[in-house]
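Every number here is computed from the coordinates shown, using simple stated rules; none is lab data. Treat the numbers as computed from the prediction; the structure is a model and nothing was measured. Every residue, glycine as well, gets a Cβ built from its backbone with ideal geometry; the counts of neighbours run over all protein chains shown.
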Amino acid sequence: MPDNPWFYALAGFLAGWIVQWMLDRFYLRQKMVQKIADACNLEPRELLTVRVRELERQKQELGAQLMNDRAAHMEQVAALKSELEVAKAVANGRFIADSGYAYLMDNGAGATEAKPVTRKRAATREPLRDIKGIGPVYEDSLRRAGVVTFKQLAALSPEQLELIIAPEPWRRVNFHAWIEEAREKAEGGRDG
């Protein structure tokens, strides 16, 4: 360590200047923040905490409302898909029985007309789910298209079944097997 008093004076001056600079910077920053807060009419910390809680509550409410809206929209999409299946069947000239009306394609003018159906005797519904690959969703689609018996199912072509069922592209549905099994069950029902 040097014995020179100027060294100690300079070191003390430098240390004091650094400490003063740090303190000024700290207090100056607080004063500047306070001036900015006053100029912008910012709320005190407690009110900001209350506001944050209120915004979080609103966020949760909006999230719940979004989920409810999504469920409602999903129901609308399902209803529209059903209408689309019926429209496809009508456009292809197939008979569709639904709530007492038969929808037939008028081939001459190309327009669809609805005529009341006089049913002598309604066909008894057969459990189409007994056919391998037909579950409740596909059975419901077939029933909405007027296919309620094994005989009616056996009379359809694979192309017609594909239009009625409208399976997702990733599903592999064997319509030929459905038709063959329906034919066997229809013939077995007549014999037994």
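Annotations for the structure displayed:
- The gain in end-to-end length when the Val137 to Glu159 segment is fully stretched comes to 6.1 nm, 0.36 nm per residue minus the alpha carbon separation.
- In order through region 55-60: 3J(HN,Hα) via Karplus (6.51 cos²θ - 1.76 cosθ + 1.60), integer Hz, x for Gly, Pro: 5, 5, 5, 4, 4, 5
- Protection proxy ranking for 57-69, 159-171, using the average of other Cβ atoms within 10 Å per residue and placing the highest first: 159-171, 57-69.
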